[in-house]
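**Q** First, the structure itself, so that you have it in front of you.
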Amino acid sequence: MPELPEVEIRRQYLETSSLHQIIANIDVEDRKLLTTDYTTLVTTLAGRQFISTHRVGKNLFVLTDSPDIIVHMHFGMTGDLEYYHSSLDRPRFARIVFEFTNGFNLGFLCPRKFERVGLIDNIDAFLKRKKIGPDGLAISVEELAERIYQKKAFIKPVLLDQSIVAGLGNWIVDEVLFQACIHPERHANTLTNDQFNQLHNAIWLVLKTAIRYEATYRDFPNSFLIHVREWDDSPYDDVEAHKFCPRCSTRIERTEVGGRTTFFCPKEQQLR
DNA sequence: AGACCTGTTTTGGT
DNA sequence: GACCAAAACAGGTC
C-alpha cells in the first residue's frame, strides 16, 4: 500500500527514469482519475519536461521546466509507476501514460482507480488547501507532541489523520504503536512525554526501515509486527509463528479501531 | 462551531 | 462469487 515509504521509492524511481524528457502526449484511459480537465492537462504539459520531484507524506509532486506547472500524484492504495519503451510492453492497469518524444513512456498504474493525478501551480498552497500536515520524516518530537496532545480521540485515528502528521497509513500506524508500546485505543491527550518520545522514535524507525527495504515487508526485521499480516508472503513455513508477538510471544490480537483492521500485542500495548 | 465518527467510493485478489 | 482491503472525503452527530 503506497504510504510514505512506497511513495518515496516511487519518487526515486521517477527521478532516475523520467526527468529531462520532452512530453509529447498523455494517454488517459479513465478521466475520473484526473483532478484536472484532460484537455488542460495535455495542452499544459505537451512540450514540457519533468525536472525534479518533491514528496510530502503520500503526495508526490513532479516539477516541470515551468515553475507554476506541477504534476501532483496520489497513489491511493495500489498505485505504481512503470517506465517502459515499446507500447507492446504497456503494463496492465497503466491507465495514465506520459508519452515522451524519445519513445519512452511513464505509466501510472491504477488497478483500483483510487489514484489521482492532476496539475497544481503551488505546492504550499496545495498542502494548505488539502490540510496536509508536516511529513512523517520531517516532524520534530515537539511538533508531534503539540499536535497530538490536544486530540481526545484514539491515538490510532489521530496518527492516520494526514493533517496531524503526513504519510502514515494503516499498517504503519499499527507498527509504530507496537514499536512504541502504546495501545491503539489510548486517548491521544493522555500520552506522557516519554511516550511522545517513543512515538517519535518509532515513526522514524518504521519509516526508515521501510524505505531501506524498499517496502518489501518480508525483508523487515523479525522484531516487526508486520509479519502477522496475512498478505505478508511469509518466507517461513510455519505461518502460525507470525501470529505471536516477536518480543513476548503473546498471541497478537486483531480488532477494529476507527473502522480499520488493527493488530496489536495485548500484553505490551496496554491501555493506561 | 468544531471535534469526532461513520459511510461511501473503487476494483482486483482471494 | 461474495467479500475484504485501502485512503480520502463527504456527511452525520453531539
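**Q** Give the stretch A:73-90 a look and list any residue that's aromatic (Phe, Trp, Tyr) and within 15 Å of DNA strand B (Cβ to nearest atom), or say none.
**A** Residue satisfying the conditions is A:75 alone.
**Q** If only one of A:35, A:44 is in contact (Cβ under 8 Å) with a residue 40 or more places away in the chain and within 18 Å of residue A:22 (Cβ to Cβ), which one is it?
**A** The match here is A:44.
**Q** Turning to a different aspect of this structure: Residue check, residue A:147 against (1) within 15 Å of DNA strand C (Cβ to nearest atom); (2) under 28 Å from residue A:190 (Cα atoms), all met but one. Which one?
**A** Condition not satisfied by residue A:147: (1).
**Q** Same structure, new question: Quick one: count up the residues across the stretch A:160-185 that are outside any loop (DSSP other than H, G, I, E, B) and within 11 Å of DNA strand C (Cβ to nearest atom).
**A** The total comes to 7.
**Q** Would a scan of the stretch A:45-61 turn up a residue that is of a type in the set (Phe, Trp, Tyr), under 16 Å from residue A:118 (Cβ atoms) and within 16 Å of DNA strand B (Cβ to nearest atom)?
**A** Checking the stretch A:45-61: not a single residue is of a type in the set (Phe, Trp, Tyr), under 16 Å from residue A:118 (Cβ atoms) and within 16 Å of DNA strand B (Cβ to nearest atom).
Bear in mind that the values in this text are calculations on the coordinates, not laboratory data. None of these values were measured; they are calculated from a predicted model. Backbone-built Cβ (ideal geometry, glycine too); neighbour counts: all protein chains shown.
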